[in-house]
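Take a look at the structure set out below.
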Amino acid sequence: MTKTIVIGASFQDDNKPIEFCHYLDTSLEQSSAFVSPPSKFNYIELICKKYNGGMDLMFAYDDYFNRSDGTLFIGYWNSGVVK
């Protein structure tokens with residue numbers, strides 16, 4: 001089960017699940033190709049609501065003690081649930 005973490009405060013939005021739309025690749029370009037589903041990760045952190053044109057900035061990773069293998073996503077946190 002994925003654990004979600006809100007940096008700062010909590011937001012609720014009609015009980016809609018998290019949506020990943022784009023990720024930042026190693027060239028620091030935004031890409032929408034092969035976006036992994038939120039359920040693939042063990043942890044997802046909400047970094048900033050409405051970061052980019054109304055979309056939210058999130059960080060997803062699997063190992064709590066090795067966050068360097070994580071991915072930055074731009075999408076919609078919604079209510080912060082994962083399905």
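What the table below lists for this structure:
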{"quantity": "Residues of segment 37-48 that turn out to be surrounded by 18 or more Cβ atoms within 10 Å (Cβ to Cβ) and more than 18 Å from residue 1 (Cβ to Cβ), as a count", "calculated": "0"}
{"quantity": "Residue 11 being touching a strand residue (DSSP E or B) at 6+ places or on another chain (Cβ under 8 Å), surrounded by 13 or more Cβ atoms within 10 Å (Cβ to Cβ), at pLDDT 85 or above and not basic (Lys, Arg)", "calculated": "no"}
{"quantity": "Residue check, residue 64 modelled with pLDDT of 85 or more and exposed (fewer than 13 other Cβ atoms within 10 Å of the Cβ)", "calculated": "yes"}
{"quantity": "Matching residues, segment 33-83, being over 14 Å from residue 18 (Cα atoms), in a helix (DSSP H, G or I) and either out of contact with any strand residue (DSSP E or B) (no Cβ under 9 Å at 6 or more places or on another chain) or not basic (Lys, Arg) (or both)", "calculated": "68, 69"}
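The values are calculated or read from the model by the stated rules, or taken from the named source; none is laboratory data. Since we're looking at a predicted model, the values are computed, not measured. Cβ sites come from the backbone with ideal geometry, for glycine too, and all protein chains shown count toward neighbours.
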